[in-house]
Amino acid sequence: MAVANSHRQCLPIYFGTSNDTLYSFSSTGDLKWKFPTKGAIRSSVLVGNNEDVFVTAEGGRLYGLTSRGQKLWGWATNYSTGAEVRSSPTLGSDGTIYFGDSNGKLHAVNSFDGLKALGNWAANVTGASIATPPVIGRDRTIFVAATDGHVYAYDPSGSKVWKTADNIGSVMVGMALVEKQLSVILPTGDTRTTTAVVLYVVSNDGLLYAIAGEDGSILWSYPLTGPLRSGPIVGPDGTVYVGTSTGLIALNQDTNAFTPRLRFVHVASDVGTPVIDSNEVIYFMAGKSLRAINPNNTPLWQYDLKTQADGPLTITRDGGLIVVGDDLRVYSFETGSVGLNREQWPSFQRNSRHTGRLGIDATDG
């Protein structure tokens, strides 16, 4: 299951399920509408700038709906790929939606009319499946990982920019993308500050990779303990968090040397993708338990949901923490914050709308 929240307070909560249905709930937990899809929904729900709703389904379709559950595109409700789709959709700043399919194609769809975007789309990235959502840089570069063990970069026209030379192993969970400020000492002795784009990618081989966004070179890798349960997120201080079957792992790194260091391991079973609020409190599911901890690993509270929750957690603009359990119940908790943390990459697909891109505007919280 996957959940997303509209960017305005008191507007709907959306989530899709394996029973081929997209649901919309009010902020008070009342069912507003539901929409049948052709195939199970394995992706997260994407909320566009105009409150429109987009989701992919295993039957090979991208659906576009209004916030009232009505057909968005006049000629059709969906864009069909002809292949199974598990990749969540990502939204570019120009309104283009990107997602991958099981045949290794990266699709680009105009969110306003549901038609294929102009350029070399759908791009034949690889012969292997693309199961994870792409992420997009501030310069509109699209980064996509596949189960063939490589990460790829494409420009907005659909032309390949680079492919990682090394095989890092199959990628099945979401990525994180950040900009890091580096200080470079010139031969004159002067110091110049430059910005580096870094991808954090977790492979099925049990390694967390930091990859340079400029050319795809591997900056470092770090071995994780236990079978993987989540993709990485990044806190406001640059700490990288990854959930595994044995705990929540937190890594720091030296800004200039790109050297990873273990900050702490919060011991717990089956930790899912965490999320960070504006007070820098970290929330995550550990089995059937919802936990909240401080950045120094001191526990704040935990709550037994009595059910697992496989989808990502969402924090709304008014500080509500939304969890959708495998029992198809929606749980809401007060965090005491003013919403999601706005620095770095604090949640799955970066924000509560799951746009999956760098660059901040008024609706990105």
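Coordinate-derived values only; no laboratory data. Predicted model, so just to flag it, every value in this text is computed and none were measured. Positions of Cβ are backbone-derived with ideal geometry, glycine not excepted, and every protein chain shown enters the neighbour counts.
Data table
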| read-out | value |
| --- | --- |
| Cα-only Debye scattering, the stretch 226-357: base-10 log of I(q)/I(0) at q = 0.12, 0.18 Å⁻¹ | -0.41, -0.94 |
| Two-site FRET efficiency, Ala76 against Asn124, from Cβ-Cβ distance with R₀ of 35 Å, rounded to 0.05 | 0.90 |
| Cα pair distances in the stretch 297-364, grouped into 5 Å bins until the bin that holds the longest one, percent each | 4, 15, 23, 23, 20, 10, 5, 0 |
| For the stretch 107-255: span of alpha carbons on each principal axis (Å, largest first) | 49, 46, 30 |
| Base-10 log of normalised Debye intensity for the stretch 89-132 (one unit scatterer per alpha-carbon) at q = 0.21 Å⁻¹ | -0.63 |
| Aspartates and glutamates with Cα under 19 Å of Lys288, excluding same-chain neighbours fewer than 8 positions away | Asp270, Asp304, Asp310, Asp326, Asp327, Glu334 |
| Net +/- balance of residues flanking Gly149 in space, Cβ distance below 14 Å, scoring K and R +1, D and E -1 | -2 |
| Ranked list, fewest to most other Cβ atoms within 10 Å of each Cβ, for Trp345, Trp220, Trp73 | Trp220, Trp73, Trp345 |
| Reach of Lys160 by Cα under 29 Å, taken over lysines that are not fewer than 8 positions away in the same chain | Lys105, Lys116, Lys180 |
| Anchor Lys32: lysines whose Cα lies under 19 Å away (excluding residues fewer than 8 positions away in-chain) | Lys71 |
